[in-house]
1. What does the extension gain come out to for Arg78 and His136, with contour length at 0.36 nm per residue minus their alpha carbon separation?
2. Starting from 0.36 nm per residue, how many nanometres of slack lie between Ala115 and Lys144 once their C-alpha separation is accounted for?
3. Quickly rank 114-121, 95-102 as a protection proxy: mean count of other C-beta atoms within 10 Å, highest first.
4. Expressed in nm to one decimal, what extension gain is obtained for the pair Glu98 and Ile58 from 0.36 nm per residue of sequence separation less their Cα-Cα distance?
5. From Cα pairs below 8 angstrom and at least 6 apart in sequence, can you work out the relative contact order of the range 21-171, rounded to a whole percent?
6. I need the per residue convex hull volume for the range 47-128, using only the alpha carbons, in cubic angstrom as a whole number.
7. Going by the alpha-carbon gyration tensor, a ≥ b ≥ c the square roots of its eigenvalues, is the range 12-85 rounded (a/c under 1.5) or, if a/c is not under 1.5, prolate (a/b greater than b/c) versus oblate?
8. Under a no-solvent Debye model with one identical scatterer per Cα of the range 35-171, what's log10 I(q)/I(0) at q = 0.11, 0.14, 0.21 Å⁻¹?
Amino acid sequence: MPGVFTLKLFYTMNSSATHPLDQVLASCRQDDRPIGLVTGVFDLLHQGHLQFLNQASIKMRELGGCLIVGVESDVRVRKLKGKGRPIESQEQRKSQMEATRLADFVFILPEKFDAESDHLQLIKMIKPKILLVSQHTPFLDRKKKLMQTVGGLVEVVCQRDPRFSTTKMIK
């Protein structure tokens, strides 16, 4: 891919092998299956997370598509949520997402993922047809603008249920 942002650099891979995400995306595109993308922290997996992921999965299955999930890195979660977070490591959170069997592929987002340009590079690399979000997603207008660069859209697939919150669970 053009530019500095290759899958190998993006996922800090050092081998010359094709990244597994590359293989999943190629398979989806070859079969003309739309790609859906979800990103999040998913710390202390709870019913709210599961409802959101289930709705995202249902949406993509209805479209005959693939669901890709990006899990925020430990470094980024500390920046977003503060000291003492995440409770579970990025590898634990990734494994839990995989165990739900709701996604076609789960990966850990890079540690440096703060700038809008980082998000744009991810969107251009994956080229999702839909960015699936929950009702309380921040920066919704910005996400819609980013998705327009690849001809995609943002869709709210789950309403926020205030009963479920990792922060509430910790307290």
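1. Full extension of this stretch gives 18.9 nm more.
2. 8.9 nm
3. Ranked from most to least packed, the peptides come out as 95-102, 114-121.
4. On the way: separation 40, 0.36 × 40 = 14.40 nm, distance 1.60 nm.
That pair, Glu98 and Ile58, stretches by 12.8 nm at full extension.
5. 28 percent
6. Normalising the Cα hull of the range 47-128 by residue number yields 100 Å³.
7. Values: a/c = 3.68, a/b = 1.27, b/c = 2.90.
Oblate.
8. -0.36, -0.61, -1.47
Any read-out appearing in this document is the output of simple, stated calculations on the displayed coordinates, not a laboratory observation. All values reported here derive from a predicted model rather than from experimental measurement. As a convention, Cβ positions derive from the backbone with ideal geometry for all residues, glycine included, and neighbour counts pool all protein chains shown.
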